[in-house]
1. Do we find that A25 is of a type in the set (A, V, I, L, M, F, W, C), more than 30 Å from Y165 (Cα to Cα) and touching a Gly at 6+ places or on another chain (Cβ under 9 Å) in this structure?
2. Here is a check on your reading of the model: is N55 within 22 Å of R141 (Cα to Cα), outside any strand (DSSP E or B) and either among the hydroxyl-bearing types (S, T, Y) or out of contact with any strand residue (DSSP E or B) (no Cβ under 6 Å at 6 or more places or on another chain) (or both)?
3. Kindly evaluate R153 against the criterion of being at pLDDT below 95 and surrounded by 15 or more Cβ atoms within 10 Å (Cβ to Cβ).
4. If I filter segment 126-138 for residues that are in contact with a Lys or Arg (Cβ under 9 Å, 6 or more places away or on another chain), within 23 Å of V54 (Cβ to Cβ) and exposed (fewer than 15 other Cβ atoms within 10 Å of the Cβ), do I get at least one hit?
5. Can you tell me which residue among E95, E137 is out of contact with any Gly (no Cβ under 7 Å at 6 or more places or on another chain) and modelled with pLDDT of 95 or more?
6. Looking at segment 27-57, which of the residues that are in contact (Cβ under 8 Å) with a residue 24 or more places away in the chain and among the β-branched types (V, I, T) is nearest to M79 (Cα to Cα)?
7. Select, from A69, A74, the only residue that is of a type in the set (G, A, S) and touching a residue at least 60 places away in the same chain (Cβ under 8 Å).
Amino acid sequence: MGPATASAQQRTIYNTPYPKTIRVAIREARPNGDPNPHGRIIYVKTVNFDDYVVNSLPNEWVPSWNQEALQAGAMAVKMFAWYKILNPTKLDGWEFDLDNTTNFQTYREGNRFRETDEAHRRIRELAYTMPDGSIVELNYRAGIERNPNWQYRNANMMAQWGTHYWAERGRNMLQILQWYFQGRALNRIPNL
């Protein structure tokens, strides 16, 4: 395959519309009610994409954190989900984009907070991509509290606690994203 063919197949924000929906595999719950990452898939639910982001973000980032950390988190949750839509999973006879557990991102319908809704609203029309607009995963892990989490810098991984650390020190969302994901760009999503 030549370079022209490879680039023609790249999924970018310019040739891929902003998602309207996402398919979420709903797994069995643990006795405490939390979704079980090892539980069997009960069904696959089609969810409005923006609703998915705002109902996942509070499970991944602490709603009381600084708004800049929450915006970095909203971008990570959104771009991770968008990438998964373009690369669905097939498992045990089901096809889905991601599940509702820590296997991907924890989704809980009706679990919304004013602060995290606001973070999503502020970044909704933006995407953090490769410079050419290619849609890539924004991976993240918890990381260590009160620490920038140097181990994740430019390792295609962001630390949730690291976003809080940097926001508390005056960094904005873009500066936080750039610290963890170098060589990427913040772009406005066309036609949104």
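1. Working: of a type in the set (A, V, I, L, M, F, W, C): yes; more than 30 Å from Y165 (Cα to Cα): yes; touching a Gly at 6+ places or on another chain (Cβ under 9 Å): no.
The answer is no for A25.
2. Details: within 22 Å of R141 (Cα to Cα): yes; outside any strand (DSSP E or B): yes; either among the hydroxyl-bearing types (S, T, Y) or out of contact with any strand residue (DSSP E or B) (no Cβ under 6 Å at 6 or more places or on another chain) (or both): yes.
For N55, the condition - within 22 Å of R141 (Cα to Cα), outside any strand (DSSP E or B) and either among the hydroxyl-bearing types (S, T, Y) or out of contact with any strand residue (DSSP E or B) (no Cβ under 6 Å at 6 or more places or on another chain) (or both) - is met.
3. Details: at pLDDT below 95: yes; surrounded by 15 or more Cβ atoms within 10 Å (Cβ to Cβ): yes.
Considered against the rule, which asks whether it is at pLDDT below 95 and surrounded by 15 or more Cβ atoms within 10 Å (Cβ to Cβ), R153 comes out as yes.
4. No, segment 126-138 has no match at all.
5. On the way: E137 fails: modelled with pLDDT of 95 or more.
Just one listed residue meets the conditions, E95.
6. So, considering only residues that are in contact (Cβ under 8 Å) with a residue 24 or more places away in the chain and among the β-branched types (V, I, T), the one nearest to M79 (Cα to Cα) is V53.
7. On the way: A74 fails: touching a residue at least 60 places away in the same chain (Cβ under 8 Å).
Answer to the check: A69.
The rows are residues; the columns are (1) more than 17 Å from Q67 (Cα to Cα); (2) in contact with a Phe, Trp or Tyr (Cβ under 8 Å, 6 or more places away or on another chain).
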| position | (1), (2) |
| --- | --- |
| L91 | yes, no |
| R121 | no, no |
| Y128 | yes, yes |
| L138 | yes, yes |
| W150 | yes, no |
| Q160 | no, yes |
| H164 | no, yes |
| L177 | no, yes |
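The values are calculated or read from the model by the stated rules, or taken from the named source; none is laboratory data. If you're wondering where the values come from, they're calculated on a predicted model, not measured in any experiment. Because the Cβ atoms are built from the backbone with ideal geometry, glycine has one as well, and the counts that use them run over all protein chains shown.
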